[in-house]
């Protein structure tokens with residue numbers, strides 16, 4: 001039994017309309033539904049990796065390393081174009097860098113978007129993880145939502161929650177430091193970050209990452225009422241999965257809704 005694809009990431013917004021406009025302009029996402037209160041964005045015809053925008057309360061923007069549900073990720077075929085679009089839409093992108101990643105290398109940028117949501121933007125290329133949006137349209141600049149990232153206070157406890165409780169597999173777990181990562185994240189030169197990249201058995205999009213930092217002054221913003229608040233995971237047996245996550249420390253908020261590490265709300269739905 002395992003968590004599956006991320007069907008939706010739920011973002012609490014200062015202004016739902018303004019946030020929808022940002023995500024459409026910066027990432028080319030389609031507005032799939034809008035009832036005047038909430039908006040659902042994604043790639044038409046792709047059932048996973050969507051973003052739901054809901055009203056939230058105002059709050060200052062966080063640092064990348066502050067504790068809480070902190071980042072979302074999306075593939076780009078052209079990072080220079082992507083960062084330009086983000087900046088033109090009102091975001092703030094950081095430098096594009098290339099760094100060793102396992103036996104290969106990865107080119108990536110990080111940007112601050114609407115409502116204090118940070119974005120991780122890896123370059124799509126040979127060997128990137130499955131992305132239905134990119135695979136069906138060779139001319140598309142961005143994929144659907146690629147990953148959701150939490151920054152917990154206790155990295156190992158969060159890892160155990162999602163592996164032992166959620167059944168996810170660790171694809172990568174390592175520490176990163178040095179000039180490429182300082183420039184990419186803005187962390188101090190003597191700081192480092194640990195990244196754990198978790199996937200379901202079939203590596204269904206989107207996926208979960210756990211990131212933690214040492215050598216930084218991090219605030220605990222796990223209850224921040226703005227930005228990434230909830231992730232909706234597919235599960236073959238949502239009721240059994242909810243019980244398993246509760247057994248591994250999740251706080252039950254509803255029949256299929258729990259609070260997990262870093263304050264992330266986890267909602268379960270049938271397999272996607």
> What is the distance, in nm, between label points placed 7 Å from the Cα along the Cα-to-Cβ direction at residue 14 and at residue 98?
Replying inline: 3.6
>> Cβ neighbours within 10 Å, averaged per peptide: list 48-61, 240-253 in order, most packed at the top.
In response: 48-61, 240-253
> Separation of segment 240-268 and segment 155-227 by C-alpha centroid, Å?
Replying inline: 19
> So if we plug the beta-carbon distance of residue 57 and residue 32 into 1/(1 + (r/R0)^6) with R0 = 25 Å, what FRET efficiency do we get, rounded to 0.05?
Replying inline: 0.50
> Rg and Dmax of the chain, using alpha carbons, in Å: what are they?
Replying inline: 17.1, 48
> Among 229, 140, 70, whose mean-square fluctuation peaks in a Gaussian network model of the chain (Cα, cutoff 10 Å)?
Replying inline: 140
>> Under a crude label model (7 Å from the Cα following the beta-carbon direction), how far is residue 160 from residue 214 in nanometres?
In response: 1.9
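Full extension from residue 183 to residue 257: what is 0.36 nm times the residue separation minus their Cα-Cα distance, to one decimal in nm? Could the numbers behind the result be given before it?
Working: separation 74, 0.36 × 74 = 26.64 nm, distance 3.72 nm.
Computed gain between residue 183 and residue 257 is 22.9 nm.
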>> Starting from a Cα-only point model with no solvent, please compute log10 I(q)/I(0) by Debye for segment 1-87 at q = 0.16, 0.17, 0.18, 0.22 1/Å.
In response: -0.74, -0.83, -0.93, -1.28
> Which part of segment 116-135 falls in the paramagnetic zone of residue 107, meaning amide N under 15 Å from the point 7 Å along Cα-to-beta-carbon?
Replying inline: 121-128
> Using the count of nearby Cβ atoms within 10 Å as a rough guide to exposure, how do 212, 192 rank from fewest to most?
Replying inline: 192, 212
>> Could you identify which residue out of 108, 175, 95 has the top mean-square fluctuation in a GNM of the chain using Cα springs shorter than 10 Å?
In response: 175
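Explain nothing, just the number: relative contact order of segment 3-270, from Cα pairs under 8 Å at least 6 residues apart, as a whole percent. Don't skip to the answer; put the middle values down first.
Numbers: 662 pairs, mean separation 65.7, N = 268.
So the answer I get is 25 percent.
Would you calculate a helix-derived [θ] at 222 nm for the chain, using -39,500 (n - 2.57) for each DSSP H run of n ≥ 4 and dividing by the full residue count, to the nearest 500?
Values: 6 runs with 51 residues, N = 272.
Dividing the helical sum by the residues of the chain leaves -5000 deg cm²/dmol.
Rule-based calculations on the coordinates, nothing more; no lab input. Everything numeric here is computed off the predicted structure, so don't read it as measured data. Backbone-built Cβ (ideal geometry, glycine too); neighbour counts: all protein chains shown.
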